[in-house]
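Since the structure comes first, as structure tokens, the remarks are kept for the end.
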Amino acid sequence: MLTAALKENLSFMVVEVARQLDDTAGVLTSGEVSAFPKINSRDDYIDNLKTVIENRCFSTLSEARSITQRERDRIQATHTICVNLERIGDFAVSAVDQLHYLKKQTILQHFDYQQIFDILAEHLHVVIPVLESGNMGQALAICRAENQIDAIYKENFDKIMEELRGGKEIENLITVLFIFRYLERMGDSLLNIGEALLLSILGEKIKIEQFQALEETLSRSGVRTNLSEVEFSSILGSRSGCRIRKVQGPNEQPLIAPQTQSSIFKEGNKEKILAEKNNLERWNEIFPDLTPRLFSHQESEETASLLVEFLPGQTLEAIILKGDPDELDMVCKLLHATVLEIWQRTKKKVPVKANFIPQIMSRMHSVLSVHPDFHRVRQDIGSSEVMPTEELLEKCQRIEENLAAPFSVFIHGDFNVNNIIYNAVKGRIQLIDLYRSRESDYVQDVSVFIVSNFRQPVFKTHLRDRLNWITRDMYELAKEFAAQQGDETFEVRMALALARSFYTSTRFEWNNDFAHEMFMRSHFLLEKVLAHQDSPWRTFSLPSSIMYY
Amino acid sequence: MSTKKFDYESLQDGHSIKTYLVSLIDSIEKGRIILKSNGDEMAMRVGDLMKFSVQAKNKDGQNKLSIKLSWSEIKPVIKDERSSSMSIGS
């Protein structure tokens, strides 16, 4: 719970900001310049309160011996609320200041600003009660008030523009526009306050747009539920630019369908979300039950969201790092069988290029932003020349143009150990995170899998051994498949694919030594490929020790 | 884990240095570098992959050129915990 002192100070602050807004509305109506000093001095008081609350929040967080996550969330919410209350206070002062430039006070009265003050007052009034009661409906109402304020702003903005077109009172109208702009920004701060309240209630940082998307997505999937009863667990991953949440009914009750305990809500980049939706549908046609079921999807102008089945089980990564050898062995065998079946079932006799080198090139910028020295420049050691990274890539790209895979398969696209789930109840492997699935070269999935093992930040010998044999077995499976299919360029494509995965993985690795190891392996492979260019590619032999650490 | 060390420092001219370097190149080609000190032998198996670095410095007429090879001998050996057997991964 918030300390009594903290709650008291926040209550004072709400009251003072509400009074400030009252007085501001009054001054805008009357144009009474004599009220300015009062407004300014109250602003100083509000600033002081903010500092006091901020200090209390930080000291509570640092001094409390034991503090629960819930308390931490409430303190964080309190801090966000006080910062935004202070901003509302500042906007009030700025709005009043504009009166200095308004030559004709009556012009302001042509426009309806009072509505905005009324909405702000109505919702500020309930901030403290919501913080105490955790009333989700009221928190959402505070968030949605911003939309109302925006609509009023838009209405007045249009009216100001129309009058400006008349060509009269231009200076005064622009001042009126500035005043409305400050009022509109008060709405933005009110939204931040509402979202802070959502954080204190849900224990999750969630934006109102995401919340609405979730609400709509759930209702499209036929769920009628009070969202305040839904449990959210923390963001599972967001590297792809999509926010992912696990959604669960109250007391872990089934929310979607009897066989499902919970579901995953993904919201974010429209293109990625839609790609995932299409891929889930495609996977479901090829392999029912291999990937999560799609419950519903939702699109807005810029973002989209999906509600998909949450697959219970363990990721392969968790089994590698914590499972016992027998379990891991069994899961790997299952994985091999699944992978082979996917390849055989989706194989199409159409040559396909995975474009590994262009994939490196397009991620080069993100690699260099994390590791600025991860590119070679031209160097000479005696008569030996060190080829710069760019030149090496260009030459390998020309080689790659003639190295299409002889057939395509439907690849996962991000086949790393985190995206492979073992469901012990069903006794089967399932795959998640499928937005990159496409018809492509199976070598891509194999190399991503291998490097996702390699880049595990574990250095204990027995775990490294484990990663190494998992790598070797997957590589041998692929090599054998290649031989059966008469795929003669398998090893050289594998070299390029591994070079790509090693190089691009460095952008996720902050341990410079380990990242540098991958950077060097990537260059070594590219140099090996280049050195072989005058011989037939079927004679290229991948130096397999490159895969082991 | 025991640590073995070999240390050698001397003055040479271009001709005699070449002899040492050629002998090292031979050893690398054969896959085994043998170093002996007062009868104590240190043998190193050449790795499939070795880190190779060259560093040079010239300061106030003082020159330094370091050539370093480093590698792990354990790397290519995969101990398969499932069957407790050892296999060579390359």
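What number of residues within the range A:52-96 are open to solvent by 70 Å² or more (accessible area, probe 1.4 Å) and under 15 Å from A:V14 (Cα atoms)? Don't jump to the end; show me each part of the working.
Step one: filter the range A:52-96 for residues open to solvent by 70 Å² or more (accessible area, probe 1.4 Å), giving A:55-56, A:58, A:62-63, A:65-66, A:68-70, A:72, A:76, A:87.
Filter once more, keeping what is under 15 Å from A:V14 (Cα atoms): A:87.
The number of residues fulfilling the criteria is 1.
Pick from A:M494, A:M547: which is closer than 21 Å to A:F449 by Cβ and within 14 Å of chain B (Cβ to nearest Cβ)? Show your work before the answer.
On the way: A:M494 fails: within 14 Å of chain B (Cβ to nearest Cβ).
Result: A:M547 is the single residue among A:M494, A:M547 that is closer than 21 Å to A:F449 by Cβ and within 14 Å of chain B (Cβ to nearest Cβ).
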How many residues does the range A:529-544 hold that are open to solvent by 60 Å² or more (accessible area, probe 1.4 Å) and away from chain B (no Cβ under 11 Å)? 6
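Specify which of the listed residues (A:D534, A:D513, A:D465, A:D487) is within 24 Å of A:E341 (Cβ to Cβ) and assigned by TED's automatic domain parsing to the domain that holds A:I399. Spell out how you get there, then give the answer.
On the way: A:D534 fails: within 24 Å of A:E341 (Cβ to Cβ); A:D513 fails: within 24 Å of A:E341 (Cβ to Cβ); A:D465 fails: within 24 Å of A:E341 (Cβ to Cβ).
Only one candidate qualifies: A:D487.
Can we say A:E480 is buried (at least 17 other Cβ atoms within 10 Å of the Cβ) and either within 14 Å of chain B (Cβ to nearest Cβ) or not polar (S, T, N, Q) (or both)?
Working: buried (at least 17 other Cβ atoms within 10 Å of the Cβ): no; either within 14 Å of chain B (Cβ to nearest Cβ) or not polar (S, T, N, Q) (or both): yes.
Considered against the rule, which asks whether it is buried (at least 17 other Cβ atoms within 10 Å of the Cβ) and either within 14 Å of chain B (Cβ to nearest Cβ) or not polar (S, T, N, Q) (or both), A:E480 comes out as no.
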Which pairs have Cβ atoms under 9 Å, sit 6 or more apart or on different chains, and link a residue in the range B:1-20 that is under 21 Å from B:M42 (Cβ atoms) to one that is of a type outside the set (S, T, N, Q) and surrounded by fewer than 10 Cβ atoms within 10 Å (Cβ to Cβ)? none
I'm told A:N355 meets every condition in (1) at positive phi; (2) under 27 Å from the mean Cα position of the chain (by Cα); (3) within 14 Å of chain B (Cβ to nearest Cβ) except one. Can you identify the failing condition by its number? (3)
Name the pairs: first residue in the range A:349-365 and more than 13 Å from A:A499 (Cβ to Cβ), second residue aliphatic (A, V, I, L, M) and surrounded by 14 or more Cβ atoms within 10 Å (Cβ to Cβ), Cβ to Cβ under 9 Å, at least 6 apart or on different chains? A:P351/A:A404; A:P351/A:A405; A:V352/A:A404; A:V352/A:A405; A:V352/A:V409; A:K353/A:L403; A:K353/A:A404; A:K353/A:A405
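Looking at the range A:313-323, is at least one residue modelled with pLDDT under 80, surrounded by fewer than 16 Cβ atoms within 10 Å (Cβ to Cβ) and away from every other protein chain (no Cβ under 14 Å)? Walk me through how you get there before you give the answer.
Going residue by residue through the range A:313-323, those that are modelled with pLDDT under 80 are none.
Scanning the range A:313-323, I find no residue that is modelled with pLDDT under 80, surrounded by fewer than 16 Cβ atoms within 10 Å (Cβ to Cβ) and away from every other protein chain (no Cβ under 14 Å), so the answer is no.
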Test: residue in the range A:442-460 that is in contact (Cβ under 8 Å) with a residue 60 or more places away in the chain, within 14 Å of another protein chain (Cβ to nearest Cβ), within 30 Å of A:A531 (Cβ to Cβ) and open to solvent by 10 Å² or more (accessible area, probe 1.4 Å): no
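Tell me which strands (runs of 3 or more DSSP E) are completely within the range B:3-90 and hold 1 or more residues being modelled with pLDDT of 85 or more and among the basic types (K, R), or say none if there are none. Spell out the reasoning first.
Details: elements: B:32-37, B:40-45, B:51-59, B:62-70, B:77-80, B:85-88.
In the range B:3-90, B:32-37, B:40-45, B:51-59, B:62-70 are the strands (runs of 3 or more DSSP E) which contain 1 or more residues that are modelled with pLDDT of 85 or more and among the basic types (K, R).
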Those residues of the range A:375-409 which are open to solvent by less than 10 Å² (accessible area, probe 1.4 Å) and in a strand (DSSP E or B) amount to A:A405, A:S408, A:V409
Picked from the range B:52-63 (must be touching a strand residue (DSSP E or B) at 6+ places or on another chain (Cβ under 7 Å) and open to solvent by less than 90 Å² (accessible area, probe 1.4 Å)), the residue nearest to the other protein chains (Cβ to nearest Cβ) is B:V54
With respect to A:V33, is the statement that it is of a type outside the set (D, E) and open to solvent by less than 70 Å² (accessible area, probe 1.4 Å) true? no
Of (1) part of a helix (DSSP H, G or I); (2) over 30 Å from A:T3 (Cβ atoms), A:C143 fails just (2)
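Does the range A:128-136 contain any residue that is β-branched (V, I, T) and farther than 17 Å from A:M186 by Cα? Break it down stepwise before answering.
From the range A:128-136, those β-branched (V, I, T) are A:128, A:130; that's our starting set.
Checking which are farther than 17 Å from A:M186 by Cα leaves us with A:128, A:130.
Within the range A:128-136 (the criterion being β-branched (V, I, T) and farther than 17 Å from A:M186 by Cα), the answer is yes, since at least one residue qualifies.
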Residue count, the range A:429-444 (criterion: assigned to a loop (DSSP other than H, G, I, E, B) and in contact with a Leu (Cβ under 7 Å, 6 or more places away or on another chain)): 2
Given A:V339, A:V367, A:V308, which one is in contact with a Pro (Cβ under 7 Å, 6 or more places away or on another chain), more than 14 Å from chain B (Cβ to nearest Cβ) and open to solvent by less than 60 Å² (accessible area, probe 1.4 Å)? A:V308
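Can you pull out every residue in the range A:330-359 that is β-branched (V, I, T) and part of a loop (DSSP other than H, G, I, E, B)?
Within the range A:330-359, the first condition is being β-branched (V, I, T), and the residues that meet it are A:331, A:338-339, A:342, A:346, A:350, A:352, A:357.
Within the range A:330-359, A:V350 is the sole residue that qualifies.
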Within the range A:325-374, restricting to residues that are among the aromatic types (F, W, Y) and in contact with a Ser or Thr (Cβ under 9 Å, 6 or more places away or on another chain), the one that is nearest to A:K426 (Cα to Cα) is A:F356
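Would you check if there is a residue in the range A:101-109 being more than 30 Å from A:G203 (Cα to Cα), in a helix (DSSP H, G or I) and either in contact with an Asp or Glu (Cβ under 9 Å, 6 or more places away or on another chain) or modelled with pLDDT of 95 or more (or both)? Break it down stepwise before answering.
Within the range A:101-109, the first condition is being more than 30 Å from A:G203 (Cα to Cα), and the residues that meet it are A:101-109.
Those left that are additionally in a helix (DSSP H, G or I): A:101, A:105-109.
Filter once more, so that each one left must be either in contact with an Asp or Glu (Cβ under 9 Å, 6 or more places away or on another chain) or modelled with pLDDT of 95 or more (or both): A:101, A:107.
The answer is yes; a qualifying residue exists.
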Please indicate, with yes or no, whether at least one residue in the range A:503-512 is part of a helix (DSSP H, G or I) and either within 14 Å of chain B (Cβ to nearest Cβ) or farther than 21 Å from A:H365 by Cβ (or both). no
When residues of the range A:49-71 are filtered for being within 19 Å of A:I128 (Cβ to Cβ) and not β-branched (V, I, T), how many remain? 7
Consider only pairs whose beta carbons are under 6 Å apart and that are at least six residues apart or on different chains; among these, list those whose first residue lies in the range A:91-113 and is of a type outside the set (V, I, T) and whose second residue is in a loop (DSSP other than H, G, I, E, B). A:Q105/A:G31
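The values are calculated or read from the model by the stated rules, or taken from the named source; none is laboratory data. From a predicted model like this one, the values you see are computed outputs, not experimental measurements. Cβ coordinates were reconstructed from backbone atoms using ideal geometry, including for glycine residues, and neighbour counts include every protein chain displayed. Note: accessible area is taken over every heavy atom of the protein model, side chains too, but ligands, DNA and RNA are not part of it. Shrake-Rupley method; radii C 1.70, N 1.55, O 1.52, S 1.80 Å.
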